[in-house]
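Take a look at the structure below.
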Amino acid sequence: MAKGEFIADMQQIKARAREHMEQGAVTSTYNGNSQAAVKVLNEALATELVCVLRYKRHHYMAKGMNSEPVAEEFLLHSREEMEHAETIAKRIVQLGGSPDFNPSTLTGRSHADYVECDTLEEMVKENLVAERIAIDTYREMVKYFGNEDPTSRRMIEGILEVEEEHAEDMSTLLGNFDGKSCNGSKN
Ligand SMILES: [Fe+2]
Ligand SMILES: [Fe+2]
């Protein structure tokens, strides 16, 4: 590209950026449907928030022999789910949407369940189920964003990687028990 053409392009890009400044990061070259993207991301946000709450509950309720390292793992996961929620909320705002933190509709909007559980084994099992649900839906989201919205896709890919680690952690812990889940699971 000649220097003149490049400058003309830059001028056009700058003019367009000014024109749509009120739309923030959503420029006219955004290929995705940002309203639909916000909807999809709000479901991911709800899922992450439910995961934060479930892991927190399990952290405080974990009891019995050798429960301490498992309780610590639940706490670490709850913190990482919170980081995911914050990253997603930030992206929703960038896309011109509003992150939905409404607690009264949270579980209905989440892909994963909030299951309390009585025993350590049930807790681990339920967390594994929730992680597997998150992994499946994030894989779908990666395909959905594709090349239309590479920023959202990369964000979800990064989160997906952590969810896969979480699932592996839960699966390893589950190896210490014989396997029985709580009632009410989506499994
Ligand atoms: Fe997460
Ligand atoms: Fe997770």
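Laid out as a table, the results:
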| read-out | value |
| --- | --- |
| Residue with peak Gaussian network fluctuation, the chain [Cα springs, cutoff 10 Å], from Met141, Met65, Met155 | Met65 |
| Around Thr151: net Lys/Arg minus Asp/Glu count, Cβ-Cβ under 12 Å | +1 |
| For the chain, built as a Gaussian network whose Cα springs stay under 10 Å, the top-fluctuating residue of Gln12, Gln23, Gln35 | Gln12 |
| For the range 97-164: rounded, prolate or oblate by the Cα gyration tensor [a/c cutoff 1.5] | oblate |
| Solvent-free Debye scattering, log10 I(q)/I(0), computed from the Cα coordinates of the range 31-174 at q = 0.08, 0.16 Å⁻¹ | -0.21, -0.78 |
| Pairwise label distance in nanometres, Glu116 with Leu174, each label 7 Å out on the Cα-Cβ vector | 2.3 nm |
| With Cα atoms, 0 to 90° folded angle of helix 3-19 axis to the chain main axis | 60 degrees |
| Cross-link pairs Lys39/Lys125; Lys63/Lys125; Lys56/Lys143; Lys39/Lys143 - those with Cα-Cα distance over 21 Å | Lys39/Lys125; Lys56/Lys143 |
| Average Cα contact separation per residue, the chain, under 8 Å, 6 or more apart, as relative contact order % | 25 percent |
| Among Ala112, Ala46, Ala15, residue whose mean-square fluctuation peaks in a GNM of the chain (springs only between Cα atoms under 10 Å) | Ala15 |
| C-alpha long axis of helix 34-61 to longest principal axis of the chain, angle in ° | 30 degrees |
| Computed lengthening from Glu161 to Thr29, 0.36 nm per intervening residue step minus Cα-Cα distance | 44.7 nm |
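Every number here is computed from the coordinates shown, using simple stated rules; none is lab data. Being a predicted model, the structure only gives us computed values, none of them experimental. Glycine gets a Cβ as well: all are built from the backbone with ideal geometry, and neighbour counts include every protein chain shown.
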